[in-house]
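Values quoted throughout were computed directly from the atomic coordinates according to the rules given, and no laboratory measurement underlies them. All figures in this text were calculated on a predicted structure; none of them were measured in a lab. Backbone-built Cβ (ideal geometry, glycine too); neighbour counts: all protein chains shown.
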Amino acid sequence: MSNATDYTPPAVWTWNKASGGKFAHINRPVAGATHEQALPVGRHPLQLYSLGTPNGIKVTILLEELLALGHAGAEYDAWLIRINDGAQFGSGFVGVNPNSKIPALLDRSTPEPVRVFESGAILQYLAEKFGALLPQGGAARAECLSWLFWQMGTAPLLGGGFGHFYTYAPTKIEYAIDRYAMEAKRQLDVLDRRLAESPYVAGDAYTVADVAIWPWHGVLALGELYGAGEFLQVQAYTHVQRWARDIAQRPAVRRGRMVNRTWGDPASQLHERHDARDFDAATQDKQAARDA
């Protein structure tokens with residue numbers, strides 16, 4: 001293994017904005033708002049402030065699944081938070097999520113609005129609120145929550161670890177890429193072994209565990225995350241492949257993936273969602289643009 005660096009950590013670390021790679025302009029070592037900016041509020045009780053990243057689409061997929069199950073109270077407004085522009089540091093957003101990360105949810109269906117942040121917490125909150133996609137007790141609930149929090153623990157190693165050093169870091173570091181590629185493959189192997197035993201991650205039923213894990217590991221298995229499918233030989237994980245393809249075909253998943261998305265095929269993007277009819281309108285607008 002080569003070591004192409006002469007870097008020695010200083011006695012005291014100082015912030016160097018120029019050294020952080022692609023996201024250096026929005027990363028900082030302090031918290032809190034940088035500017036005053038109120039959040040918009042729509043007509044539905046659930047107000048989501050997000051972006052169509054893997055963490056963001058966890059919530060939109062779950063909301064679309066809840067609506068598909070007939071839970072009308074799951075209607076929501078999804079507002080676009082452009083993190084590359086620093087919108088997550090506006091005072092309104094920080095008021096909903098002091099950690100300044102998407103997604104953030106404000107539930108206005110209660111006498112006092114309830115803020116919920118961290119994607120796993122939002123998934124559990126919504127599943128419990130509507131009594132869906134989360135077993136109510138016993139071993140089945142424990143299994144589901146274990147896998148939900150497995151995802152919360154593995155995502156930083158897959159995204160901030162492998163994804164950052166493989167895709168975004170300004171310098172390719174062999175040690176870092178090897179370290180996190182090994183971990184990404186270990187995670188896929190954990191899932192593959194589990195999915196050899198059951199159709200879904202938590203057992204026989206589709207749950208919030210699948211909703212949480214699929215936007216990261218499922219999309220990775222389909223070769224659509226970090227362009228790393230061949231590098232990680234994702235096709236070798238046959239049970240993950242089956243599961244990832246099956247979930248990708250769910251109508252609610254297809255809709256949820258579109259919400260707050262700002263990149264890729266324009267037909268895959270719905271920047272904001274305020275009504276179920278927005279999906280039809282977006283499709284019609286893009287078809288008209290293609291025909292023009």
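Details
- Here is how the number arises for the chain: DSSP H runs of 4 or more residues each give -39500 (n - 2.57), the sum is divided by the residue count, and the result at 222 nm is -12500 deg cm²/dmol.
- The ranking of THR14, THR167, THR53 by Cβ neighbour count inside 10 Å, starting from the fewest, reads THR14, THR167, THR53.
- Within the listed set ASN27, ASN260, ASN16, the residue fluctuating most in the Gaussian network model of the chain (springs between alpha-carbon atoms under 10 angstrom) is ASN16.
- Cross-link partners of LYS129 among aspartates and glutamates, defined as those whose alpha carbon lies under 16 angstrom from its own and excluding same-chain residues fewer than eight positions apart: GLU64, GLU65, GLU75, ASP107, GLU112.
- Relative exposure of HIS71, HIS35, judged by other C-beta atoms within 10 Å (fewest first): HIS35, HIS71
- Cα-based reach from LYS172 at 27 Å (exclusive), listing lysines while leaving out same-chain residues under 8 positions away: LYS17, LYS22, LYS101, LYS185
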